[in-house]
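Quick notes on the structure that follows.
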Amino acid sequence: MQQFLQSVYDLIVETSTNLPADVRRAIRHARTLEDQGTRAALSLSTIAQNIGMAEANVSPICQDTGMPTFIIHCPVGADQITMKRQIREAVAQATKDSKLRTNSVDSLTGENTGDNLGPGTPVIHFEQWERNDIEVKLILKGGGCENKNIQYSLPAEIPGLGKAGRDLDGIRKCVMHSVYQAQGQGCSAGVIGVGIGGDRTTGYELAKHQLFRKLDDVNPNEDLRKLEDYVMENANKLGIGTMGFGGQVTLLGCKVGVMNRLPASFFVSVAYNCWAYRRQGVVLDAVTGEIREWSYERGSEVPMENAALDQAAPVEEAPSPAIAAAVQAEAPARQREIVLQTPISEEQIRELKVGDVVIINGTMHTGRDALHKYLMDHDAPVDLSGAAIYHCGPVMSKDQAGNWQVRAAGPTTSIREEPYQGDIIKKFGIRAVIGKGGMGPKTLAALNEHGGVYLNAIGGAAQYYARCFKKVEGVDFMEFGIPEAMWHLETEGFAAIVTMDSHGNSLHADVEKNSLQKLEQFKEPVFI
Ligand SMILES: O=C(O)C[C@H](O)C(=O)O
Ligand code: SF4
């Protein structure tokens with residue numbers, strides 16, 4: 001088993017940096033379904049470009065490299081203790097090499113262990129089998145989409161869909177609702193794994209295990225096959241679309257499994273995975289530990305370029321005109337591209353409307369959960385008047401000269417900062433909040449009152465955005481850990497779309513309202 005550690009390391013790198021072929025095909029297909037020029041088409045083209053960049057740079061597709069979860073099948077007698085130790089070593093090494101973000105945080109103190117090792121991380125499951133080789137499968141599922149997992153207990157009253165009983169039709173309602181409630185916050189278009197039955201724990205586990213299925217497989221259980229097909233067809237009519245911008249494609253896959261339950265319980269558990277659907281596996285020689293084959297067709301076989309579609313968005317060169325063209329086609333009357341240099345004035349902000357594209361140059365500051373909580377009752381270490389604050393927990397490392405470099409830096413889900421954001425905007429005079437998934441009424445009111453704007457960046461596009469950060473000007477609060485620290489970044493050409501403006505408009509509120517209306521058309525029984 002000399003090669004075991006190296007093989008697991010290679011698996012981690014592949015999973016984090018190279019999206020498998022079945023997922024790439026689903027995203028390619030999604031691109032053909034969206035009308036060119038819409039925000040959804042533009043987002044998918046950015047996503048496609050990001051996938052290509054991650055592969056070429058051998059760098060994380062998304063900065064949130066998730067909870068490393070390993071499922072190992074091995075022959076009777078295989079040394080599980082050594083395998084476990086080597087998996088942990090491989091995780092620590094991959095973290096050191098910036099292939100994984102430092103993602104293991106003490107739940108009580110908030111301290112980051114810095115190497116992805118700690119109580120409960122990584123997750124390692126062993127299972128024996130009768131074959132004489134070893135299979136190691138890995139999924140890297142990020143926190144934003146994990147937060148959109150949901151568990152239903154039937155019977156229930158489902159918002160928009162009414163009564164859901166303990167039958168296939170009740171299950172159908174839960175699954176449709178699960179897609180609706182995620183909106184764009186789990187970086188749609190997503191893939192859902194559904195677990196029917198079990199207890200609360202095994203139900204979720206079953207749901208997550210469904211995410212190891214191939215996107216193009218066919219469920220051998222006829223009822224479940226029908227349910228999967230139904231959900232794929234109809235959830236895509238909810239109009240949530242990529243990143244919750246509206247559009248034809250909300251779901252890339254739906255996989256349902258079933259297990260027995262207790263007479264008193266009936267759980268339907270849903271594991272929501274973002275488009276950055278990172279799972280891969282290797283079959284190893286049980287004697288040497290060498291990789292014999294990959295469990296999923298590798299991404300390199302399916303390039304992400306699409307000549308016809310890329311033409312409409314020549315992002316390689318200059319993302320901004322492409323975005324501008326895209327928005328123009330959707331809302332010709334309002335299309336504008338505005339370049340802003342930080343610090344930004346109130347006048348400049350008041351000019352902006354939902355749908356505008358903003359290109360930010362100048363200094364940008366990252367800040368997420370720990371910083372927002374801190375700023376509520378402390379001063380900021382730098383002047384934030386007119387500032388742009390970026391909800392982002394980047395992957396950072398030092399180059400040979402000892403300077404910090406941004407390795408991956410997409411947005412995080414902004415709604416977590418809803419309790420703080422409005423107060424912080426007003427207290428410090430912030431003008432632009434950048435993140436993904438949108439924010440709520442309190443923030444919208446503060447944007448209106450103070451003169452601020454919310455900009456939605458494309459979730460998961462961590463390589464795409466990393467290249468906009470030309471230099472690290474400084475960092476505060478390293479004690480919060482790398483993702484939570486406040487990074488001051490010299491920025492050039494950071495493009496994002498205004499989805500909440502200073503006049504009370506919110507694209508997120510509109511899409512949520514419209515999709516609830518659309519959900520209501522699925523109230524009538526289908527499986528009886
Ligand atoms: O933690 C992050 O960087 C992002 C997170 O996965 C999210 O989707 O909000
Ligand atoms: S930021 Fe989006 S793409 Fe990345 S892990 Fe979170 S949900 Fe997934």
Ordering Leu211, Leu444 from largest to smallest accessible area (1.4 angstrom probe), what's the sequence?
Leu444, Leu211
If you roll a 1.4 angstrom probe over the protein chains with everything in place, what fraction of the accessible area of the chain belongs to carbon and sulfur, to the nearest %?
50 percent
Let me check I've understood the local charge: for Phe494, count other residues with C-beta under 12 angstrom from its C-beta, Lys and Arg +1, Asp and Glu -1. What total comes out?
0
On a straight-distance basis, which aspartates and glutamates could pair with Lys226 in a cross-link, Cα separation under 12 angstrom, same-chain partners fewer than 8 positions away excluded?
Asp169
Need one value: the accessible area of Asp377 in square angstrom, 1.4 angstrom probe, rounded to the nearest 10.
110 Å²
Roughly how many Å² is the accessible area per residue of the chain, as a whole number, for a 1.4 Å probe?
39 Å²
Convex hull per residue volume in Å³, alpha carbons only, for the range 193-261:
95 Å³
Measure of exposure for Arg261: accessible area at 1.4 Å probe, Å² rounded to 10, is 100 Å²
In whole Å, what is the distance between the alpha-carbon centres of the range 376-443 and the range 164-227?
34 Å
Say each of Glu520 and Met232 gets a label point 7 Å from the Cα, pointing the same way as Cα to Cβ; how far apart are those two points in nm?
3.0 nm
Name all residues of the range 427-470 having a backbone nitrogen under 17 Å from the label point set 7 Å from the Cα of Gln400 along its Cα→Cβ direction, giving them as ranges.
none
For the range 336-511, what does the relative contact order come out to in percent, with C-alpha contacts under 8 Å and a separation of six or more?
30 percent
In whole angstrom, largest first, the equivalent ellipsoid semi-axes that the Cα gyration tensor gives for the chain are 35, 29, 22
Determine which lysines satisfy two conditions relative to Lys237: a Cα distance under 16 Å, and not lying fewer than 8 residues away in the same chain.
Lys173, Lys513, Lys518, Lys523
Quick calc, Lys513 & Glu347: beta-carbon distance into FRET formula, R0 25 Å, rounding 0.05, result 0.20
Taking N as the number of residues in the range 1-97, what value does Rg over Cα atoms divided by 2.2 N^0.38 Å take?
1.39
Count the net charge of all other residues whose Cβ sits under 12 Å from the Cβ of Ile124, scoring Lys and Arg as +1 and Asp and Glu as -1.
+3
Across all directions of projection, what mean area in square nanometres is found for the Cα convex hull of the range 143-275?
7.2 nm²
For the range 340-405, just list the percent of Cα-Cα distances falling in each 5 Å bin from zero outward, please.
3, 12, 18, 20, 19, 16, 7, 3, 1
Straight-line reach from Lys427: which lysines fall under 26 Å, measuring Cα to Cα and dropping same-chain residues less than 8 apart?
Lys353, Lys373, Lys436, Lys442
Rounded to the nearest 0.05, what FRET efficiency is calculated for Glu492 and Asn57 with R0 set to 25 Å and r the Cβ-Cβ distance?
0.85
With an 8 Å cut-off on Cα pairs and a minimum separation of 6 or more residues, tell me the relative contact order of the chain in percent.
19 percent
For the range 405-475, what relative contact order do you get, as a whole percent, if you take Cα pairs closer than 8 Å and at least 6 residues apart?
44 percent
As a test question: what accessible area, to the nearest 10 Å², does Tyr180 have when a 1.4 Å probe is rolled over all protein chains in place?
30 Å²
Based on the alpha-carbon set only, what is the convex hull volume of the range 391-467 divided per residue, in Å³?
98 Å³
Taking the Cα atoms of the range 336-511 alone, what are Rg (to one decimal) and Dmax (as a whole number) in Å?
14.8, 48
Within the chain, percent of DSSP bridges classed antiparallel, to nearest 5
65 percent
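The values are calculated or read from the model by the stated rules, or taken from the named source; none is laboratory data. None of the values given here were measured: they were computed from a predicted structure. Here the Cβ is made from the backbone with ideal geometry for all residues, glycine too, and neighbour counts use every protein chain on show. What goes into the accessible areas is simple: the full protein's heavy atoms, side chains included, and nothing from ligands, DNA or RNA. Shrake-Rupley method; radii C 1.70, N 1.55, O 1.52, S 1.80 Å.
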